[in-house]
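K.L.:
Quick one: this structure, given as structure tokens, is what I'll be asking you about.
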Amino acid sequence: LPPKVKMVFLSATLSNAAEFAGWVAKLRGEPCHVVYTDQRPVPLRHFGFPKGGAGMHLLCDEFGNFKSDSFHALMRTFGDNNGDEKGQGGEGARQNGRGAKPKGSVGGEQDLFRLVKTVKDMDDLPIIVFSFSRRQCEESALKISKLDFTDDDEKEQIEDVYRQALMCLSEEDRTLGAIEHMLPLLKKGIGIHHGGLLPILKELIEILFQEQLIKILFATETFAMGLNMPAKTVIFTAMRKWDGESNRFMASGEYIQMSGRAGRRGKDLQGNAIMMIDKDMDEKVCSNIISGKP
């Protein structure tokens with residue numbers, strides 16, 4: 001570093017900042033102080049939504065307190081498919097209908113649809129829905145397209161940005177299926193973001209999301225890396241991922257990176273991270289994922 005440089009800004013995900021500062025101090029022959037905060041500008045609350053179960057349960061509050069009672073109340077709903085409401089309130093079950101018993105099918109697609117609709121009705125938009133497969137991102141977006149998240153004015157703006165973005169493509173390329181099929185989804189405020197998309201589409205979706213014209217984005221975990229794209233609510237469709245060797249639970253660092261997208265500074269009083277949980281989830285594993293160190 002040139003001698004005149006007095007400040008170095010580090011990524012929050014760097015775990016050995018003190019070691020780095022000591023190295024700089026030794027090289028420069030002068031003190032180097034690490035200035036940091038553990039305080040999130042927007043508090044984050046973590047909820048569990050039982051797949052095929054009922055209600056939405058506060059698992060960890062904005063102060064980092066894991067709610068064991070609420071976790072057990074959530075797990076009890078898996079054996080409760082007879083309209084029996086016992087054990088569903090639990091500490092921290094969401095009010096205003098969020099702790100209500102779901103009606104109809106309890107399949108994964110219906111679970112996600114009900115959850116998204118609940119978040120939409122509570123006006124906790126925008127939402128990022130993280131999935132660990134590209135195909136699931138696309139399939140989920142199509143299922144959710146029964147809902148419409150935008151008004152007529154926003155639809156017009158979206159189409160305008162879409163047309164302008166595609167001006168750099170040849171006439172022939174503009175009629176590609178992958179490009180044409182995206183517009184009806186975008187106009188409803190629904191976006192998809194993964195590594196298999198054409199670069200022009202990824203860029204378009206990032207612009208629309210930053211302009212708050214996309215209200216729900218289905219993305220793979222790469223979206224959480226490096227891009228400044230905050231939402232109010234983050235939903236995890238699964239807590240397990242295939243890492244090339246095994247189908248394992250998410251590591252705490254992965255969860256922190258992705259859930260950290262929830263809560264827009266200057267816009268939201270709090271952010272929400274919602275985990276869709278299977279009945280094989282263990283309390284200790286769940287607590288470690290939420291509360292562990294990155």
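The values are calculated or read from the model by the stated rules, or taken from the named source; none is laboratory data. Everything numeric here is computed off the predicted structure, so don't read it as measured data. Neighbour counts run over all protein chains shown; Cβ positions are idealised from the backbone, glycine included. Please note that ligands, DNA and RNA were not included when accessible areas were found on the heavy atoms of the full protein model with its side chains. Shrake-Rupley method; radii C 1.70, N 1.55, O 1.52, S 1.80 Å.
K.L.:
Cβ neighbours within 10 Å, averaged per peptide: list 18-25, 155-162, 124-131 in order, most packed at the top.
P.N.:
Details: 18-25: 13.0, 155-162: 15.6, 124-131: 23.0.
For the peptides 18-25, 155-162, 124-131, the packing ranking is 124-131, 155-162, 18-25.
K.L.:
Using θ = phi - 60° and the Karplus curve 6.51 cos²θ - 1.76 cosθ + 1.60, what whole-Hz ³J(HN,Hα) does each residue of segment 241-257 get, with Gly and Pro shown as x?
P.N.:
9, 8, 9, x, 10, 8, 8, 10, 5, 4, 6, 4, x, 5, 5, 4, 4
K.L.:
Could you work out the helix-only [θ] at 222 nm for the chain, with each DSSP H run of four or more residues adding -39,500 (n - 2.57) and the total divided by the number of residues, to the nearest 500 deg cm²/dmol?
P.N.:
Working: 11 runs with 103 residues, N = 294.
That calculation yields -10000 deg cm²/dmol at 222 nm.
K.L.:
Just to be sure I understand: of the beta bridges DSSP finds with both ends in the chain, what percent are antiparallel, rounded to 5?
P.N.:
Values: 8 of 32 bridges.
Roughly 25 percent of the beta bridges in the chain run antiparallel, per DSSP.
K.L.:
With an 8 Å cut-off on Cα pairs and a minimum separation of 6 or more residues, tell me the relative contact order of the chain in percent.
P.N.:
Numbers: 449 pairs, mean separation 63.4, N = 294.
RCO, the chain: 22 percent.
K.L.:
Which entries of K4/K26; K187/K279; K51/K232; K241/K279; K6/K202 have Cα-Cα distances beyond 27 Å here? Mind showing how you got there, number by number?
P.N.:
On the way: K4/K26 16 Å; K187/K279 36 Å; K51/K232 22 Å; K241/K279 16 Å; K6/K202 37 Å.
Pairs exceeding the cut-off: K187/K279; K6/K202.
K.L.:
Just subtract the alpha-carbon distance of L147 and Y36 from 0.36 nm times their residue separation and send over the number in nm, one decimal.
P.N.:
Numbers: separation 111, 0.36 × 111 = 39.96 nm, distance 4.20 nm.
Answer, rounded to one decimal: 35.8 nm.
K.L.:
Label point 7 Å out from D121 along Cα-to-Cβ: which residues of segment 192-219 have amide N under 19 Å?
P.N.:
216
K.L.:
Ok, one more. If each residue of separation counts as 0.36 nm, what is the full-extension length gain between K4 and S291 once their alpha-carbon separation is subtracted? Spell out each step's value before the answer.
P.N.:
Working: separation 287, 0.36 × 287 = 103.32 nm, distance 3.95 nm.
Taking 0.36 nm per residue and subtracting the Cα distance, the gain is 99.4 nm.
K.L.:
Apply the Karplus parameterisation 6.51 cos²θ - 1.76 cosθ + 1.60, with θ equal to phi minus 60°, to every residue of segment 215-225 and state each ³J(HN,Hα) to the nearest whole Hz, in sequence, with x for glycine and proline.
P.N.:
Listing the rounded values in order: 9, 9, 10, 9, 9, 8, 5, 4, 5, 7, 9 Hz.
K.L.:
Now a separate question. What's the local net charge at T222, with K and R +1, D and E -1, over the other residues with C-beta under 11 Å away? Display every interim value, and only then the final one.
P.N.:
Values: positive: R134, K202; negative: E221.
Overall, the nearby charge balance is +1.
K.L.:
Separate question: Averaged per residue, what accessible area in Å² does the chain show with a 1.4 Å probe, protein chains only?
P.N.:
Numbers: 16060 Å² over 294 residues.
Heavy-atom accessible area per residue stands at 55 Å².
K.L.:
Just the number, please: carbon plus sulfur as a percent of the accessible area of segment 137-294, 1.4 Å probe, no ligands or DNA/RNA counted. Display every interim value, and only then the final one.
P.N.:
Details: 3870 of 7780 Å².
Exposed carbon and sulfur together represent 50 percent of the surface.
K.L.:
Which far-off residues, 5 or more places away or on another chain, put their amide H under 5 Å from the one on A231, with H placed in the peptide plane?
P.N.:
A262, G263
K.L.:
I've got another one for you. Hey, got a sec? Which trypsin sites (Lys or Arg not before Pro) in segment 3-45 land in a DSSP loop and have at most 13 other Cβ atoms within 10 Å?
P.N.:
Numbers: sites: K4, K6, K26, R28, R45; in loops: K4, K6.
Filter output for segment 3-45: K4, K6.
K.L.:
Would you mind putting 264-275, 54-65 in packing order, based on average other-beta-carbon counts within 10 Å, highest first?
P.N.:
Values: 264-275: 17.7, 54-65: 20.2.
For the peptides 264-275, 54-65, the packing ranking is 54-65, 264-275.
K.L.:
Can you check what the net charge comes to around R265, using other residues whose Cβ is under 13 Å from the Cβ of R265 (Lys, Arg +1; Asp, Glu -1)? Intermediate values should be presented prior to the final figure.
P.N.:
On the way: positive: R40, K232, R261, R264, K267; negative: D268.
Charge balance near R265 sits at +4.
K.L.:
Something else about it: Can you compute 3J(HN,Hα) from phi for each residue in segment 135-151, using the Karplus curve 6.51 cos²θ - 1.76 cosθ + 1.60 with θ = phi - 60°, rounded to whole Hz and x for Gly and Pro?
P.N.:
4, 5, 4, 5, 5, 5, 4, 5, 5, 6, 5, 5, 8, 10, 9, 10, 9
K.L.:
Any idea what diffusion coefficient the chain gets from Stokes-Einstein, in µm²/s, Kirkwood Rh on alpha carbon pairs, 10 °C, 1.306 mPa s?
P.N.:
Working: Rh = 20.8 Å.
In µm²/s, the coefficient is 76.
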